[in-house]
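Here's the structure we're looking at; comments come further down.
The values are calculated or read from the model by the stated rules, or taken from the named source; none is laboratory data. Small disclaimer: the values here were computed from a predicted structure and weren't measured. Every residue, glycine as well, gets a Cβ built from its backbone with ideal geometry; the counts of neighbours run over all protein chains shown. In case anyone asks, the SASA skips ligands and DNA or RNA and just uses the protein heavy atoms, side chains included. Shrake-Rupley method; radii C 1.70, N 1.55, O 1.52, S 1.80 Å.
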Amino acid sequence: MDERVIGRSGQRASVVGLGTWQLGADWGDVDEKEALSVLEAAVESGVAFFDTADVYGDGRSEQTIATFLRGRPGLDIFVATKMGRRVDQIPENYVLDNFRAWNDRSRRNLGVDRLDLVQLHCPPTPVYSTDEVFDALDTLVEEERIAQYGVSVETCAEALTAIARPGVASVQIILNAFRMKPLLEVLPAAREAGVGIIARVPLASGLLSGKYTKDTVFPANDHRTYNRHGESFDQGETFSGVDYDSGVEAAVEFAGLAPEGYTPAQLALRWIIQQPGVTTVIPGARSPEQARANAAAASLPELSAGTLTAIRDLYDRRIKDQVESRW
């Protein structure tokens, strides 16, 4: 699989990575054996970038990755994790002592001395403008606790503030065919600054897979049930902030744009891969079959100009007014 440089770091990531939120929690029940099978299928398909967080299953996702890698000492996998959501979301909690404590826990969970990449996990907006926060992150690098740091953001404005920071290696942002605003300013700014872009929620929480109907029922412990209106965290993380019923209707039209040989999910991933400035896209997977199909998007033919135009037209007609003013 093709690899791209992660911004200023000089390190490389497979163009399709694996998001491991699903392997921790918030997507229904997760079986550890199946989770390990997903990791195995992804690696066999060329994936060399895992994204996790210290709060996914209260560390379970990090621990599962560690278990997988422990038995494969020669495997070269870049693991990015996140920190910051284990405490009340107020700027005062983003201080060096907390960073060290969270870092210690993630290093234990992942079984490493130094973390490849640590991202602030969608912190309060003022954090991005606080010099002391980034001084603390620089200290973690100096102490060799982390190799580099980045941010995971909710809004384009937060992304642009972070990109201006000289030590930021990467920005993780929601980018998909139902969330195109980052194309306007964020991706060009990141390219200019040499900052990597990690595209998350690439399938709009599964909407773009074309598998759901208005009658689909998700488990009670799945965020697609309990966070549709932002009850537990930012609404944009669930279905990319798109109203579910109208999103299902738009997804049907989206699926009809898939060229021969593509699934709707692969169309969604291939669209992201082709956006200038994207380093890696991190779809999740609940089964080995999903992991393999997602990785296969990297080797599919490029989408035609006509298909790209049709996807943009769909977004402009059905989705843009729902999301662009908020994120």
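Points worth noting:
- Single residue of region 1-50 satisfying the filter (modelled with pLDDT under 95 and part of a strand (DSSP E or B)) that is most open to solvent (accessible area, probe 1.4 Å): Arg12
- Output for region 234-263, where each listed residue is touching a Leu at 6+ places or on another chain (Cβ under 9 Å) and within 22 Å of Asp2 (Cβ to Cβ): Ala258, Pro259, Gly261, Tyr262
- Only one of the listed residues (Leu257, Leu269) is within 20 Å of the chain's Cα centre (by Cα), crowded, with 17+ Cβ neighbours inside 10 Å and in contact (Cβ under 8 Å) with a residue 40 or more places away in the chain. That residue is Leu269.
- Qualifying residue in region 234-247 (condition: free of Cβ contacts under 8 Å to residues at least 24 places away in the same chain and not polar (S, T, N, Q)): no
- Only one entry of Val252, Val323 meets the criterion of being farther than 23 Å from Val186 by Cβ and β-branched (Val, Ile, Thr), and that entry is Val252.
- Against the numbered list (1) more than 23 Å from Trp327 (Cα to Cα); (2) among the charged types (D, E, K, R); (3) in contact (Cβ under 8 Å) with a residue 40 or more places away in the chain, Glu154 comes up short only at (1).
- Pairs with Cβ under 8 Å, 6+ apart, first in region 97-112 and more than 19 Å from Ala66 (Cα to Cα), second of a type in the set (A, V, I, L, M) and assigned to a helix (DSSP H, G or I): Phe99/Ala136; Phe99/Leu137; Phe99/Leu140; Arg100/Leu140
- A residue that is of a type outside the set (Phe, Trp, Tyr), surrounded by 20 or more Cβ atoms within 10 Å (Cβ to Cβ) and in contact with a helix residue (DSSP H, G or I) (Cβ under 9 Å, 6 or more places away or on another chain) occurs somewhere in region 312-321.
- Residues in region 163-202 that are crowded, with 21+ Cβ neighbours inside 10 Å, more than 22 Å from Asp116 (Cα to Cα) and either out of contact with any strand residue (DSSP E or B) (no Cβ under 7 Å at 6 or more places or on another chain) or among the polar types (S, T, N, Q) (or both): Asn176, Ala177, Phe178, Arg179.
- Among the residues making up region 116-135, a single one is in a strand (DSSP E or B), of a type in the set (A, V, I, L, M, F, W, C) and either out of contact with any Leu (no Cβ under 9 Å at 6 or more places or on another chain) or at positive phi (or both): Leu117.
- Given (1) farther than 15 Å from Thr155 by Cα; (2) without any contact (Cβ under 8 Å) to a residue 60 or more places away in the chain, index of the condition Leu184 fails: (1)
- Hits in region 274-296 (condition: crowded, with 22+ Cβ neighbours inside 10 Å and assigned to a helix (DSSP H, G or I)): Ala291, Asn294, Ala295
- Leading residue by the ranking (nearest to Val248 (Cα to Cα)) among those in region 217-226 that are without any contact (Cβ under 8 Å) to a residue 12 or more places away in the chain and in a loop (DSSP other than H, G, I, E, B): Val217
- Residue tally, condition surrounded by 15 or more Cβ atoms within 10 Å (Cβ to Cβ) and at positive phi, over region 219-253: 3
- Residues (in a loop (DSSP other than H, G, I, E, B) and among the charged types (D, E, K, R)) located in region 55-78: Arg72, Asp76
- Residues of region 234-264 satisfying the condition of being closer than 29 Å to Gly194 by Cα and in a helix (DSSP H, G or I): Gly236, Glu237, Ser240, Gly241
- Selection within region 68-89: residues that are exposed (fewer than 14 other Cβ atoms within 10 Å of the Cβ) and touching a helix residue (DSSP H, G or I) at 6+ places or on another chain (Cβ under 9 Å). The member of this set that is nearest to Asp31 (Cα to Cα) is Arg72.
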